[in-house]
Structure formats: C-alpha cells, structure tokens
1. Please count how many residues of the range 223-263 are under 28 Å from Thr136 (Cβ atoms) and not β-branched (Val, Ile, Thr).
2. Does the range 110-119 contain any residue that is closer than 21 Å to Gln272 by Cβ and assigned to a strand (DSSP E or B)?
3. Please verify whether Ser127 is crowded, with 23+ Cβ neighbours inside 10 Å, within 20 Å of the chain's Cα centre (by Cα) and not aliphatic (A, V, I, L, M), treating the condition exactly as stated.
4. I'd like to check which strands (runs of 3 or more DSSP E) are fully inside the range 175-241 and have at least 1 residues that are under 13 Å from the mean Cα position of the chain (by Cα), buried (at least 21 other Cβ atoms within 10 Å of the Cβ) and of a type in the set (S, T, N, Q).
5. Are any residues in the range 337-374 assigned to a strand (DSSP E or B) and closer than 23 Å to Thr289 by Cα, and if so, which ones?
6. Which residue out of Ile117, Ile144 is within 25 Å of Ala177 (Cβ to Cβ) and among the β-branched types (Val, Ile, Thr)?
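The values are calculated or read from the model by the stated rules, or taken from the named source; none is laboratory data. Remember, it's a predicted structure, so these values are computed and weren't measured experimentally. Neighbour counts run over all protein chains shown; Cβ positions are idealised from the backbone, glycine included.
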Amino acid sequence: MKNVILTALIATAMASCGKSSTDAGQNVKTHWVSTWGTAVQLTEPHNMPPEPGLTGNTIRQRIRVSIGGDSLRLKISNEFGDDTLRIAGINIAPALDSCNIDAQNIKDVLFSGQSEINLPAGESTLSDVVALKFGTRADLAITICYNSAPERLTGHPGSRTTSFIAVGNELTSSSLANAVKTDHWYTIERIDVLAPEDYGTVAIVGNSITDGRGSTTNCNNRWPDIFCERLLSNPETAKYGVLNMGIGGNCVVAGGLGPTASTRFGRDVLEQPGIKYVVIFEGVNDIGTTPNTEATETALIEAYTKMIEAAKAKGLTVYGATITPFKESFYFTPEKETLRQNINNWIRTCGLYDAVIDLEKAICSADDQFIMDENLHDNDHLHPNADGHRKLGESIDLNLFK
C-alpha cells in the first residue's frame with residue numbers, strides 16, 4: 001500500500017510541474033485535458049438507482065474517452081447531495097463486453113493517497129494521478145463501492161450507457177455476477193488525461209439533442225460522438241477531444257431539467273482543463289415551453305451574449321449552432337416557430353460568434369427547411385434518430401478546428 005501511495009504522490013508532483021512521468025526525461029511540456037465528461041445534475045426520483053441501490057454496494061460504469069494517454073485523474077461529484085457521500089473505494093480499468101473488465105489492468109483510484117472518500121454535500125473532488133495506458137476512444141470502466149449514498153444523488157440520467165449494480169463490495173471482480181442494469185451514471189463527472197500542451201478539447205453545451213436522445217444505447221453514436229471520431233481521425237484535428245455537456249430537458253434561461261445552461265456554463269465549459277473551443281447549441285426548450293415569445297427572445301439573446309463574452313474573456317473560440325426544426329412536433333405553434341427563426345437569424349448575423357455551425361440546414365427537409373427530415377427524426381419531429389445524429393455530426397466543418 002505504501003508503494004502505491006508513493007507512486008501516486010510522485011506522479012502528482014511531476015504532473016503539477018507540467019511534465020508526465022514518461023515525458024519528464026524528454027522535457028516535453030504537458031497539461032491536463034478533459035477527455036471525457038458529463039453535465040451532472042440532481043437525479044430525479046424516477047432515475048434513481050434501482051434495488052439494491054448504491055449504499056453498501058458496487059456500481060460499474062462504462063465511459064468512452066476522447067484523447068488517449070497514460071496518466072489520468074477522475075472527478076467525483078456530490079454537488080447536489082444533501083448528505084456526505086461515503087465511498088469505500090474506486091478503481092478503473094479497460095472495459096470489455098457488458099460488465100466485464102481487463103483484470104490485468106485494474107488500477108486503484110486514490111484521493112490524497114487514500115482509497116476511502118467522505119465527500120461533503122455540495123462538493124466535488126479530483127483523484128490523485130492514476131497510471132493507466134489507454135487509447136483514443138477507449139472504453140473504460142469505473143467501479144465504485146459505496147459505504148453510503150445521500151438521498152439526493154448527483155448524477156447524469158441520460159447516459160445512453162448501461163451501468164451495473166452488484167450487491168456488496170465487488171471492486172476486485174472482473175465480472176459482476178447477477179448485476180442489476182441501469183442506463184444512468186451516478187457521482188462520476190470527468191476524466192482528465194495528461195497530454196501535450198497543444199492538445200485540447202471542444203465543449204458542447206446543449207439539451208437532449210446533444211445528450212443523445214434518439215441515439216442507440218451503448219453504441220456511442222450521439223452526434224457529438226460522431227463529430228469527435230471525425231476530429232480524432234483527421235490528422236489536422238487529431239489533438240482535440242470532445243466533451244458532451246448536454247442535459248435532457250435543459251433550458252438556457254429558466255425552467256427545464258438540471259441547472260440552466262446560463263448557470264452551469266462556468267462549471268461545464270469554462271472550468272474544463274484544456275478547453276480550446278466552445279459550441280453553444282441550446283434554446284429549443286426555452287422556445288418550446290415559453291408563454292411569452294417576446295420576453296424569451298430578449299432573455300435568450302442576453303444569455304447567449306454573456307456566455308460568448310465569458311468564453312472569449314478566457315481566450316476561447318466560440319461557435320454558435322442554429323436551433324434545429326420542430327414543425328409538427330408538440331412544441332410547434334406559429335408564434336414559437338417565428339421565435340425560433342428570429343433566434344437563428346440572430347445566431348447567424350450577430351457577429352459575436354467566431355463562426356456559425358448551421359445544424360438547422362444539416363437536418364431539415366429538402367422540401368421544407370422548417371421541418372426535420374422525415375428520415376432523420378425519432379418519430380417526434382424534434383429529436384434526431386441515429387441517422388439524424390450521424391448527419392449532424394458529419395455536417396460540421398473540421399476546418400473550424402485546425
């Protein structure tokens with residue numbers, strides 16, 4: 001145990017100096033870059049963990065990173081908790097099929113050299129450096145055993161990825177027998193990788209369309225995934241990862257599910273290590289639920305402007321994405337459609353964004369630009385299906401990220 005702690009402390013010290021353990025002798029400058037993340041929120045009652053629950057038990061959660069590397073750190077969150085989050089231990093390993101992991105490469109995740117964490121309500125924490133080699137777009141499994149979890153639980157309901165809950169402490173098990181499945185993430189927020197200093201990440205702030213509604217569970221085919229794979233496979237943009245900061249039902253200004261984009265913009269975008277680019281693609285829920293289209297137009301423009309200014313103050317490049325069509329959906333009224341068009345006109349012409357990503361044009365019908373292509377929506381004329389997600393992800397000009 002002492003050797004494990006000593007190794008972690010040495011790696012942490014070297015990382016804080018801007019060099020990883022493998023790069024130190026070559027004097028290659030490195031920095032932390034977020035390679036995977038999710039926008040955390042208060043878990044709604046119907047999205048809480050199924051029986052047997054988390055307290056006293058083990059959950060294995062799969063994620064797919066962007067950029068690979070050999071040193072990582074994990075962020076755990078109890079931001080929305082009403083009591084202390086008590087964790088008995090965490091490890092991370094390459095994920096195989098289902099709930100199986102590579103037993104030869106299980107790495108303990110420590111916090112100030114300790115395996116146990118008592119994280120107070122409202123707080124989050126970063127782990128010590130973990131030495132684990134993993135590739136670009138690798139699947140990793142984070143296994144957590146909880147001593148106790150608060151009733152108000154921090155998580156991300158729209159994981160589109162299956163997690164596995166097993167009774168008792170199963171941290172060292174390569175497979176979880178009789179595990180209960182749930183398509184949600186809990187208490188995990190981010191993974192950072194130590195990468196060369198010219199590497200970075202693109203953070204996309206959005207709602208359910210970005211979060212992956214209409215994509216295929218466990219296939220990682222949300223439109224940000226498609227975009228990420230294109231970036232990483234292109235030699236001129238292969239140094240940039242993608243962070244999906246979408247929340248289903250989210251609004252920019254008020255209402256909706258989770259913290260509004262305006263209030264979470266600092267946490268989910270500006271505070272991300274290695275952030276280089278920002279894509280703002282949100283507003284359809286504000287438009288679709290408003291009782292006052294004129295007030296919402298003013299509020300959205302003010303909120304977009306503040307987010308753009310905050311990002312540019314940090315030296316970031318900011319792109320605006322147009323709001324996709326919703327004609328014939330449950331959101332549609334002529335007044336709300338006018339509002340959507342007004343917002344899109346502002347996005348295209350305001351001159352505040354560094355460029356515009358025109359997702360409306362990418363997914364609209366050839367016969368009617370105000371309706372989503374019949375073959376690309378998820379039977380509701382609002383959310384893209386898997387083909388629609390691919391069309392959106394493939395429509396983005398990679399030259400914007402060279």
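1. 22
2. There is at least one residue in the range 110-119 that is closer than 21 Å to Gln272 by Cβ and assigned to a strand (DSSP E or B).
3. no
4. Values: elements: 180-182, 188-196, 200-206.
Here the list reads 200-206.
5. Initially, the range 337-374 is screened for residues assigned to a strand (DSSP E or B), giving 355-357, 364, 372.
The answer is Cys364, Met372.
6. Working: Ile117 fails: within 25 Å of Ala177 (Cβ to Cβ).
After applying the criteria, what remains is Ile144.
A quick yes/no check of all residues on (1) under 14 Å from Leu54 (Cα atoms); (2) at pLDDT below 95; (3) touching a helix residue (DSSP H, G or I) at 6+ places or on another chain (Cβ under 9 Å):
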| residue | (1), (2), (3) |
| --- | --- |
| His184 | yes, no, yes |
| Arg190 | no, no, no |
| Leu231 | no, no, yes |
| Thr237 | no, no, yes |
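Each row is one residue, and each column tells you yes or no for (1) at pLDDT 95 or above; (2) in a helix (DSSP H, G or I); (3) of a type in the set (Lys, Arg).
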position	(1), (2), (3)
Thr263	yes, yes, no
Val269	yes, yes, no
Lys276	yes, no, yes
Asn285	yes, yes, no
Gly288	yes, yes, no
Glu302	yes, yes, no
Lys306	yes, yes, yes
Ala311	yes, yes, no
